[in-house]
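Asker: Once you've had a glance at the structure underneath, I'll fire off some questions.
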Amino acid sequence: MAHDCLFCKIIAGDIPSNKAAETDKILAFHDIAPQAPVHVLVIAKRHTPSVSETPDNAIFADLMGGARDVAKQLNLEDYRIILNNGAEAGQSVFHMHAHILAGRPLLWPPG
Ligand code: AMP
């Protein structure tokens with residue numbers, strides 16, 4: 001748990017979330033400002049600020065495997081998984097997370 005980390009507070013239950021799934025390793029919840037009909041965030045329970053600052057690879061398996069499992073539970077067939085690394089890439093919460101977007105055609109390349 002990191003002080004002043006929004007997503008750590010969500011994990012702790014201090015800030016409410018609309019939960020989609022939970023395991024001992026990850027929590028998935030619906031984004032508060034959805035960018036698609038389905039927009040779920042998957043976070044590891046272990047705090048790590050960003051992709052580039054992650055100390056070991058196991059957390060990526062937890063996150064990506066978790067995202068795949070959540071997509072399956074939500075019966076998603078076509079979806080996009082996004083990890084923004086750094087402010088210029090769009091990261092605003094510095095607790096590493098994967099976005100799952102689905103439910104509409106997704107443009108490529110992204111803006
Ligand atoms: P990023 O910009 O990649 O760091 O993604 C952070 C995401 O967290 C954004 O899509 C926000 O809409 C979302 N977000 C911020 N606060 C909350 C919250 N309290 N509950 C759910 N999603 C949130």
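The values are calculated or read from the model by the stated rules, or taken from the named source; none is laboratory data. In this text the structure is predicted, and so the values were computed from the model without any measurement. Cβ coordinates were reconstructed from backbone atoms using ideal geometry, including for glycine residues, and neighbour counts include every protein chain displayed. All accessible areas refer to the heavy atoms of the entire protein, side chains included, with ligands and DNA or RNA removed. Shrake-Rupley method; radii C 1.70, N 1.55, O 1.52, S 1.80 Å.
Asker: Step by step: first the residues of the range 1-44, then only those that are open to solvent by 60 Å² or more (accessible area, probe 1.4 Å) and away from the ligand (no atom under 12 Å from the Cβ), then the one that is nearest to Ala102 (Cα to Cα). Which residue is that?
Answerer: Per the criteria, the residue is Pro37.
Asker: Now for a different question. Against the conditions (1) more than 15 Å from the ligand (Cβ to nearest atom); (2) more than 28 Å from Gly111 (Cα to Cα), where does Asn75 fall short? Just the number, please.
Answerer: With respect to (1) more than 15 Å from the ligand (Cβ to nearest atom); (2) more than 28 Å from Gly111 (Cα to Cα), Asn75 is out only on (2).
Asker: Can you tell me which of (1) in contact with a Phe, Trp or Tyr (Cβ under 8 Å, 6 or more places away or on another chain); (2) free of Cβ contacts under 8 Å to residues at least 12 places away in the same chain is the one Ile100 doesn't meet?
Answerer: Going through the list (1) in contact with a Phe, Trp or Tyr (Cβ under 8 Å, 6 or more places away or on another chain); (2) free of Cβ contacts under 8 Å to residues at least 12 places away in the same chain, Ile100 breaks only (2).
Asker: Okay, next question. Run down Asp78, Asp56 and say which single residue is among the charged types (D, E, K, R) and either open to solvent by less than 40 Å² (accessible area, probe 1.4 Å) or at pLDDT below 95 (or both).
Answerer: Asp56
Asker: Tell me, please, whether a residue that is away from the ligand (no atom under 14 Å from the Cβ) and either open to solvent by 20 Å² or more (accessible area, probe 1.4 Å) or at positive phi (or both) can be found in the range 96-103.
Answerer: yes
Asker: Kindly indicate the residue of the range 19-43 that is in contact (Cβ under 8 Å) with a residue 60 or more places away in the chain and over 13 Å from the mean Cα position of the chain (by Cα) and also farthest from Ile82 (Cα to Cα) among those meeting that condition.
Answerer: Pro37
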